[in-house]
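The values are calculated or read from the model by the stated rules, or taken from the named source; none is laboratory data. Only a predicted model underlies this, so the values are computations on that prediction, with no experimental measurement involved. Here Cβ is always computed from backbone atoms with ideal geometry, including for glycine, and neighbour counts include all displayed protein chains.
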Amino acid sequence: MKIAVITNIKHPVMKWTGFGVENFVYILINGLIKKGHDVTLYASGDSIVPCKLVSIHPKSINFDSNIKEEFKFYYEDWLYINLYKNANNYDIIHSHDHNRGMLYSLLSKTPTISTFHDVWDINRSPIELLLKANEINNNHTFIAISKYQKKLLLSSKLKNVKHIYHGIDTKNIPFLPVAHDPSMIYLGRINKRKGVHITIQVVQQTDKLLKIFGFINQSIPEELVLQKEIEGFSKKNKLIQLYDTVFKDKKWEVLGSGKLFLFPIQWEEPFGLVMIESMACGTPVVAFARGSVPEVIKDGETGFVVNPSDDDIRGNFIIKKTGLEGLCEAVERIYSMPEDQYRKMRRACREHVEKNFTVEKMVDEYEKVYEEIISKENKA
């Protein structure tokens, strides 16, 4: 198949990146190429990928100070225009910006699929407008990355919605049967949506060591302020250690060596790759039951799922306390496990990922969707 993959140009697509969508796109195109497909990526010019790359600017726009903020929007539209001018060259187009994918797919008979990487916000999306105008094409398929997200999309009256979980290359991720480091781990963006500030509160309640491997967006003042606050906490409390984010093999070393991974998200995250990356290394996850979390973590087997509050009960989980208290109880449970039981949990983490969240499984499912769509188009 000739497949055009297009993503935003805020950040480059490459093997080692701290950005979730770009990380996913790299994994997907690499898997498609291994299966013999002809893939062209439309992305920022500084992307490093094993396929043909088409761009309209040599640098990712978030890292190019020469581009004014009010013009960045137009650069991304320009890239989509470039693709859809040449849409007939491809069997299928795979968009990773669902808003633009929906709009520009109206200009072409080449089928488009759009993967949703965010929770749909009616105030930022043309879905509602297009539905009312009956303008969503039959040749457009929407991919949800969790059952939670699929339910949301179907509730918006979208009809052609499928569900495919993200996958990772477990063959290149080492499994550690034991934790070499007695610390809790946080790896991700330094922002309140990810719940990094909650991890500090867990330390204050449990007196357990926490290592934060954080990345901040220098253009977001709130993240800069939060980083300084965490630096202040780390100077006062030796149990809180702040590091720069890690890439390449160091990432697996960090994730795999910790006692547990803290994921106290404050928003309805539709998937969360870092959860399956942590479990692939053998490290159990303690997380709030928001978004896809109850689907990804096997409660009591690969970590613990905690209801966000007494007023926000998402399920009947093992930990009955909610909010911060619940997180702390889950942490204490893992630390107090007998060694054989804890090792069993680490093994269960790896097996859970190998069964449900491999890149091979993900690529197979996308390939199946592509083939179904193209087959329908050929019959029409």
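The table that follows gives values for the structure above.
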read-out: Of residues in the stretch 249-273 being over 15 Å from the mean Cα position of the chain (by Cα) and among the aromatic types (Phe, Trp, Tyr), the one modelled with the lowest pLDDT; value: TRP252
read-out: Given (1) over 25 Å from LEU324 (Cβ atoms); (2) at pLDDT below 95, index of the condition GLY282 fails; value: (2)
read-out: Residue within the stretch 238-245 that is touching an Asp or Glu at 6+ places or on another chain (Cβ under 8 Å) and not aliphatic (A, V, I, L, M) present; value: no
read-out: Yes/no for ILE81 being among the hydrophobic types (A, V, I, L, M, F, W, C), in contact with a strand residue (DSSP E or B) (Cβ under 6 Å, 6 or more places away or on another chain) and at pLDDT 90 or above; value: no
read-out: Strands (runs of 3 or more DSSP E) enclosed by the stretch 1-85 - at least 2 residues per element that are surrounded by fewer than 22 Cβ atoms within 10 Å (Cβ to Cβ); value: 38-42, 52-54
read-out: Residue among ARG333, ARG290, ARG350 that alone is surrounded by 15 or more Cβ atoms within 10 Å (Cβ to Cβ), among the basic types (Lys, Arg) and farther than 27 Å from HIS180 by Cα; value: ARG290
read-out: Odd one out for SER219, checked against (1) at positive phi; (2) modelled with pLDDT under 95; (3) assigned by TED's automatic domain parsing to the domain that holds SER292; value: (1)
read-out: Per-region count, the stretch 1-35, residues under 18 Å from ASP46 (Cα atoms), among the hydrophobic types (A, V, I, L, M, F, W, C) and free of Cβ contacts under 8 Å to residues at least 24 places away in the same chain; value: 1
read-out: Selection status of GLU332, more than 15 Å from the chain's Cα centre (by Cα), more than 17 Å from LEU187 (Cα to Cα) and in contact (Cβ under 8 Å) with a residue 24 or more places away in the chain; value: yes
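This table checks each residue for (1) aliphatic (A, V, I, L, M); (2) touching a residue at least 24 places away in the same chain (Cβ under 8 Å).
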{"residue": "LYS150", "(1), (2)": "no, no"}
{"residue": "LYS157", "(1), (2)": "no, yes"}
{"residue": "ILE173", "(1), (2)": "yes, yes"}
{"residue": "ILE185", "(1), (2)": "yes, yes"}
{"residue": "THR206", "(1), (2)": "no, yes"}
